[in-house]
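Everything below concerns the one structure shown next.
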Amino acid sequence: MGIPQARAFLAAHADPVDDLLLWADASPPLGRLSRIWELRRGNEARALAFSFPLWPATPSLGIKGLSPTDEGEALAALVEAGVYHNGYVICGEAQVGLWQGTGHRELHMTLDAAEWRVEPRVGVREAGLAEIDAFYTAQGAEAWHPIQVETGPYVVVEEDGIVAAAGTHFAYPGLAQVGNVFTAPGARGRGLATRCTAAVVDRLVGQYPTISLFVDETNQAAIQIYSKLGFRARRALHAFPWTAERAL
């Protein structure tokens, strides 16, 4: 199935904020890497399944159907066909039973761009792919993929080399997701991640009405920081590794 058809299905059946991961997988530049399958019943598309190889060993998985039954049938068909073997899932409460995984919970936080108050961000600059890739690779940042730099700005703080960075994880009309917020261990606790996050938001609010991010539900320090920046909790999501042996 092609990207235009997938986006048409999502436009009709998926929430542009709550189903943001599916929208991201069907939008450039991430859509170039996505694999998309369609479950049809007669002439009607009943479900879409997305696989995005952000982590090659455990690609992220997502399914959107017209009903829970459709989602279950789509997953079962892909498992039976040997298409899905293992991966990583972030989903809402209603789909936990579908995947039957265990892991941790992510808090989905959003910010209304109209409420953002821009302030100067001292000591932050935009960075290019080569230096960002070198920093994230050296720090072992797991959610980084070089294609993400095409989505939107990445910024850094330097102190004898890059010590903190943040960027745009993905974006599509209506929403941009801040991600890859990372500070080198020796520079933590000084507000550098906050400064980078705010600088990225500064650059996004003029283009996207909603700015979004995920944060581990147990990371209260980060949640407090994002709250001070104006982000508000929207819902809790489940994040866990998944294998075909556990399906259904």
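The values are calculated or read from the model by the stated rules, or taken from the named source; none is laboratory data. Fair warning: this is a prediction, and the values are worked out from it, not measured in the lab. So basically every Cβ, Gly included, is an ideal-geometry build from the backbone, and we count neighbours across all protein chains shown.
Things to note:
- In the stretch 42-78, the residues that are modelled with pLDDT of 85 or more and β-branched (Val, Ile, Thr): Ile63, Thr69
- Subset of the stretch 231-248 [in a loop (DSSP other than H, G, I, E, B) and modelled with pLDDT of 95 or more]: Phe231
- Taking the criterion of being over 16 Å from Gly152 (Cβ atoms) and not charged (D, E, K, R), the residues of the stretch 120-142 that qualify are Pro120, Val122, Gly123, Ala130, Ala134, Phe135, Thr137, Ala138, Gln139, Gly140, Ala141.
- Only one of the numbered conditions (1) touching a Leu at 6+ places or on another chain (Cβ under 7 Å); (2) in contact (Cβ under 8 Å) with a residue 24 or more places away in the chain is violated by Leu204, and that is (1).
Results for (1) surrounded by fewer than 20 Cβ atoms within 10 Å (Cβ to Cβ); (2) under 27 Å from Glu217 (Cα atoms); (3) not assigned by TED's automatic domain parsing to the domain that holds Trp144, shown as yes or no for each residue.
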site: Arg40; (1), (2), (3): yes, no, yes
site: Glu44; (1), (2), (3): yes, no, yes
site: Gly62; (1), (2), (3): no, yes, yes
site: Ser67; (1), (2), (3): yes, no, yes
site: Glu71; (1), (2), (3): no, yes, yes
site: Ala76; (1), (2), (3): yes, no, yes
site: Val79; (1), (2), (3): yes, no, yes
site: His85; (1), (2), (3): yes, no, yes
site: Val96; (1), (2), (3): yes, yes, yes
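- Residue within the stretch 101-112 that is buried (at least 17 other Cβ atoms within 10 Å of the Cβ) and touching a Pro at 6+ places or on another chain (Cβ under 9 Å) present: yes
- Within the stretch 121-133, residues that are β-branched (Val, Ile, Thr) have Cβ atoms under 9 Å from residues that are in a loop (DSSP other than H, G, I, E, B) in these pairs: Ile132/Trp144, counting only partners at least 6 apart in sequence or on another chain.
- Gly2 being farther than 30 Å from Thr197 by Cα and surrounded by 15 or more Cβ atoms within 10 Å (Cβ to Cβ): no
- Selected residue (criterion: farthest from Val149 (Cα to Cα)) from residues of the stretch 185-206 that are among the aliphatic types (A, V, I, L, M) and in a helix (DSSP H, G or I): Ala187
- Checking Val122 against (1) in a strand (DSSP E or B); (2) out of contact with any helix residue (DSSP H, G or I) (no Cβ under 7 Å at 6 or more places or on another chain), the condition it does not meet: (1)
- Hey, Asp15 surrounded by fewer than 20 Cβ atoms within 10 Å (Cβ to Cβ) and modelled with pLDDT of 90 or more or not: yes
- The numbered conditions (1) acidic (Asp, Glu); (2) within 27 Å of Pro28 (Cβ to Cβ); (3) not in a helix (DSSP H, G or I) are all true for Asp133 except (3).
- Residue count for the stretch 125-152 under the criterion of being surrounded by fewer than 18 Cβ atoms within 10 Å (Cβ to Cβ) and under 19 Å from Leu204 (Cβ atoms): the result is 7.
- Where Val122 falls short, out of the listed (1) of a type in the set (Val, Ile, Thr); (2) crowded, with 17+ Cβ neighbours inside 10 Å; (3) modelled with pLDDT under 95; (4) under 20 Å from Ile225 (Cβ atoms): (2)
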